[in-house]
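Following: one structure in structure tokens, then a few remarks.
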Amino acid sequence: MANLRLACVVGARPNFMKMAPLLRALDAYPSIEAVLIHTGQHYDQNLSDVFFEELGMKRPEVSLDVGSGQHGEQTARVLERFEDVLRRGTPGGKRYDLVVVVGDVNSTMAATLAAAKLGVKVAHVEAGLRSFDRTMPEEINRVVTDAIADILLVSEPSGVENLRREGHAEDRIHLVGNIMIDTLVWLLPRAKARDTHQQYGLQPGRYGLVTLHRPANVDTPEILSRLLEVLIDTSRELPLVFPIHPRTKKRIEQFDLSQRLASAEGIVQLPPLGYLDFLALSSQAKVIVTDSGGLQEESTVLGIPCLTARPNTERPVTVDQGTSTLVGNDPVKLRKCLDEVIQNSYKKGSCPPLWDGMAAKRTATVLAGA
């Protein structure tokens, strides 16, 4: 019989990628009952049976269906509905002992608030990450979550330093490694076995991968236009594949940039991809240009140059030790780094400690002792 009952909360697709290896690791503990709860913060049509089969995880047992909305509206819905889940208890009617949240989405913060107010302990996976940019909603979510969480599970040394500086007790801080890398290690062989390259006429190691979606990069015509111009120029020497986020696609059309992009023969435009197809492309690219947090981490483990289109990062180890360089939305910096990659003079990185595919096991060990 379970003597530790966990409410494992996910709110968006990246959360599933982090929760999947943890749920597998928790299966090794018969005394733990882990209930997967999906807030439904982001509707994602890619959350199909195949998605869960690939990740080796069960479907959520509880769905809150909060949907999209403004930050306050969405946070309030999660807070209200998750509080009700905690009051009702597990599907068997038992009280939850611990809430496990991952990442930095609105659901992470709201679930933490609900649990804290009801006296249920909270464990935060990916605690301590800081960009020190309060204009990012994710930064607010990270700071608030860590301020009231009981168990802080950290992916990199900077997170430990941040939490110590903020006054957290040493016995609450646990450096366990990067759980997202567990999923990368789990699925990489299957991803590389796919024929994704052939579908798009690409050769492994001879193309770049681009993802852009943050407002600072795509919501201003001048900025987006200058970034695309650099990418178009680069594509004459190095083919680029560009899975286009719906937000970015909308802005490209709105700013009358569609024809300019379409005229670039070296750029393969794609719709958003499922994780395995995307990993098949990202893992064998010569360079990645992105404003995604997760790709900064994955590229470092894969040893692939990553030009991060952000002025800051909550994952500084990817810059200090890994393969990432912060280029912001400066076209001059972007072009310079792309030239270095093409000329094979770009810096070499190394994989941070504990980014080894075993973070979930270390995390489960901590939770089992909670």
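Each reported figure results from applying straightforward, stated rules to the coordinates on display, with no laboratory input. Bear in mind the structure is a predicted one, so any value in this text is a computation, not a measurement. So basically every Cβ, Gly included, is an ideal-geometry build from the backbone, and we count neighbours across all protein chains shown.
The slack in the chain from S68 to K250, taken as 0.36 nm per residue of separation less the alpha-carbon distance, amounts to 63.7 nm.
Among rounded, prolate and oblate, which fits the stretch 20-136 when a ≥ b ≥ c are the square roots of the eigenvalues of its C-alpha gyration tensor, a/c under 1.5 means rounded, and a/b larger than b/c means prolate? Rounded, because the longest to shortest axis ratio a/c is under 1.5. Answer with a single label: of (i) 60, 44, 42; (ii) 66, 50, 36; (iii) 62, 40, 39, which was calculated as Cα extents along the principal axes in Å from the structure in view? Of the labelled values, this structure produces (iii).
Convex hull volume of the Cα atoms of the stretch 188-342, normalised per residue: 99 Å³. By the beta-carbon count within 10 Å of each Cβ, the least crowded to most crowded order of S324, S258, S263, fewest first, is S263, S258, S324.
Normalised by the number of residues in the stretch 188-342, the mean separation of alpha-carbon contacts (under 8 Å, six or more apart) gives a relative contact order of 27 percent.
In terms of its C-alpha gyration tensor, the stretch 260-370 has a prolate overall shape, because the principal axis ratio a/c (a ≥ b ≥ c, square roots of the eigenvalues) is not below 1.5 and a/b outweighs b/c. Fully extending the segment from R134 to L118 would add 3.0 nm, taking 0.36 nm per residue of separation and subtracting the current Cα-Cα distance. Extending 7 Å from the Cα toward the beta-carbon at both K58 and A169 defines two label points whose distance is 3.2 nm. Annotation for R236 and Q259: the two label points, set 7 Å from Cα along the Cα-Cβ direction, are 2.0 nm apart.
Within the stretch 60-105, the ratio Rg/Rh, alpha carbon atoms throughout and Rh by Kirkwood, equals 0.99.
Site pair K192 and A368 shows an inter-label distance of 3.1 nm when each label is modelled 7 Å from Cα along Cα→Cβ.
By other beta-carbon atoms within 10 Å, ranking M57, M17, M358 with the fewest at the front produces M358, M57, M17. Each peptide in 307-315, 326-334 receives the mean, over its residues, of other Cβ atoms within 10 Å, and ordering these scores from highest gives 307-315, 326-334. Measuring nothing but how far apart in sequence close Cα pairs (under 8 Å, 6+ apart) lie, relative to its length, the stretch 81-139 scores a relative contact order of 33 percent.
Taking the Cα centre as origin and putting +1 on Lys and Arg beta-carbons and -1 on Asp and Glu beta-carbons, what dipole magnitude results for the chain, to the nearest 20 debye? List each step's numbers first, then the result.
Numbers: 42 positive and 45 negative charges, 50 e Å.
So the dipole magnitude of the chain works out to roughly 240 debye.
Given the pairs K58/K121; K286/K347; K18/K361; K58/K361; K192/K286; K249/K336, which span a C-alpha to C-alpha distance of over 21 angstrom in this model? In this structure, K58/K121; K249/K336 lie more than 21 Å apart at Cα.
About its Cα centre, what dipole magnitude does the stretch 188-342 give when the only charges are +1 on Lys and Arg Cβ and -1 on Asp and Glu Cβ, stated in debye to the nearest 20? Walk me through the numbers on the way to the answer.
Numbers: 18 positive and 18 negative charges, 45 e Å.
For the stretch 188-342, the charge dipole is close to 220 debye.
For the chain, what does the helix formula give at 222 nm: sum of -39500 (n - 2.57) over DSSP H segments with n ≥ 4, over the residue count, nearest 500 deg cm²/dmol? Helices in the chain give a 222 nm mean residue ellipticity of -13000 deg cm²/dmol. Rounded to the nearest 10 degrees, what's the angle between the helix 106-117 long axis and the longest principal axis of the chain, both from Cα atoms, 0 to 90? Approximately 20 degrees, to the nearest ten. When the alpha carbon gyration tensor of the stretch 106-222 is reduced to an equivalent ellipsoid, the three semi-axes, largest first, read 34, 20, 14 Å.
When a footprinting reagent is the concern and you count Cβ atoms within 10 Å, what order do I288, I140, I173 take, fewest first? Walk me through the numbers on the way to the answer.
Numbers: I288 25, I140 16, I173 20.
Result, fewest neighbours first: I140, I173, I288.
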